[in-house]
1. Ranking request for peptides 156-165, 213-222, 328-337: highest mean number of other beta-carbon atoms within 10 Å first, then the rest in descending order.
2. With the radius of gyration and the Kirkwood radius both derived from the Cα set of the range 66-136, what is their ratio Rg to Rh?
3. Convert each backbone phi in the range 127-144 into a coupling constant with the Karplus relation 6.51 cos²θ - 1.76 cosθ + 1.60 (shift: θ = phi - 60°), then list the ³J(HN,Hα) values in order as whole Hz, x for Gly and Pro.
4. Tell me, His110, His115, His153 in order of fewest to most beta-carbon neighbours within 10 Å?
5. Sort Tyr67, Tyr208, Tyr18, Tyr105 by Cβ crowding within 10 Å, fewest neighbours at the top.
6. For Thr143, Thr119, which order do you get if you count the other beta carbons within 10 Å of each Cβ and list the fewest first?
7. Give me, ordered by chain and number, the residues 5 or more places off Phe192 or on other chains with an amide H under 5 Å from its own placed amide H.
Amino acid sequence: MSAYQDRPLDNPINWSFYIGRVWGIEIRVHVAFLLCAAVLLWMELPPPDAVLRPTFWRILVDAFGTYAILFAIVLLHEFGHCYGCRKVGGEADSILLWPLGGLAYVHPPHKPVAHLITTLAGPMVNVIICAVCSSVLVAWCGTLAVVPWNPLHPGTPIDPTIPLLESQRWLLRVYGTSYFILLFNLLPIFPFDGGRVAQAWLWPRRGYRTSMELACGTGMVGAIVLGLFGLFTSQDQIIMLMAIFGYLTCWQTRRVMREQGDFAYGDPAQGLFAQGHTYFDREATEARRPGFFERRRLRRAALRLERDRRRQEEHERSVEEVLRKVAQSGLGSLTSRERRILEAETERQRSMGS
């Protein structure tokens, strides 16, 4: 069954479409992913007063080639989470790709080690990609200086003066994209993978509830620091978006956990709410807070039930008063309204008996 089946469309994260299934895992792409691809193409267009104006075909290849690399690496990262989850006996059935990365819907066993392995499996994919690309680059160019070791400039070689072929530049772009994703996911900020590793480490020491509270609290602080850092870097827009996403995810996770109370932590069979940048706990997100229209429908249903309950209580009190009056003064003492109440109750009892 799809993890997206019967999800409310008033939640923007559900605005996605199906593109295929690999190893039993459904892959979906968010509509915002395509919008960002169009924006990326527009940003690559040179200004009207530019001296060097590349051809439109060159711009198209560079823009969508870069986006295709990002798409492939993020998808492989999410497959890493799914693989790790299945290796520890969990379930994984869906991946969503959207502008800020990927979301793997997984349900690992409710154990710290299982969650730790599921989390680390994603970054390990990026480590393998970086190791392969760097080895090929060093062998191809004959120097270690061609590898971008500087975490502040993940796409720039240590020696930027090294002449590179076009194919080498594309390989360097693959390395830089994977390196950037690896570095971001290793930040000790929940819900990134580094924050999840910290939460899994605290879990057996402080308990699940406390570890999640600490992870979300430090994640919100870390997101603020990350956002401030983004103001002073060349990748400020991407970093700011990730910081906002991280903060909102931590805030929403804490709110849902507190609304659910101890029930959210005490029974592993109920799953846990583990919403984050790189993977969701599937069972918990299926039981997440309903959308706006669903909440409105539920509120109306609750109000109707409350009105019916009060109406029934008022009717029962009226019947008791009428029966008390009959016992004291007889049927002749009843008013027309009291007679109607008695007749309605008699009819109700008769219908229930039949």
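Where a number appears in this text, it was derived from the coordinates with a stated rule and is not lab data. Please read these numbers as outputs of a predicted model, since none were measured by experiment. Positions of Cβ are generated from backbone atoms using ideal geometry, with glycine treated the same way; all protein chains shown enter the neighbour counts.
1. Numbers: 156-165: 12.6, 213-222: 19.5, 328-337: 9.7.
Per-residue Cβ counts within 10 Å, averaged per peptide and sorted highest first, yield 213-222, 156-165, 328-337.
2. Numbers: Rg = 12.7 Å, Rh = 12.5 Å.
My calculation puts Rg/Rh at 1.02.
3. Working through the residues one at a time gives 4, 5, 4, 5, 5, 5, 5, 5, 5, 5, 5, 5, 5, 6, 9, x, 8, 6 Hz.
4. On the way: His110 19, His115 27, His153 16.
Listed from fewest to most nearby Cβ atoms, that is His153, His110, His115.
5. Values: Tyr67 16, Tyr208 21, Tyr18 12, Tyr105 28.
With the fewest neighbours first, Tyr67, Tyr208, Tyr18, Tyr105 line up as Tyr18, Tyr67, Tyr208, Tyr105.
6. Numbers: Thr143 13, Thr119 30.
Sorted ascending by nearby Cβ count, the order is Thr143, Thr119.
7. Answer set, sorted by chain and number: His277.
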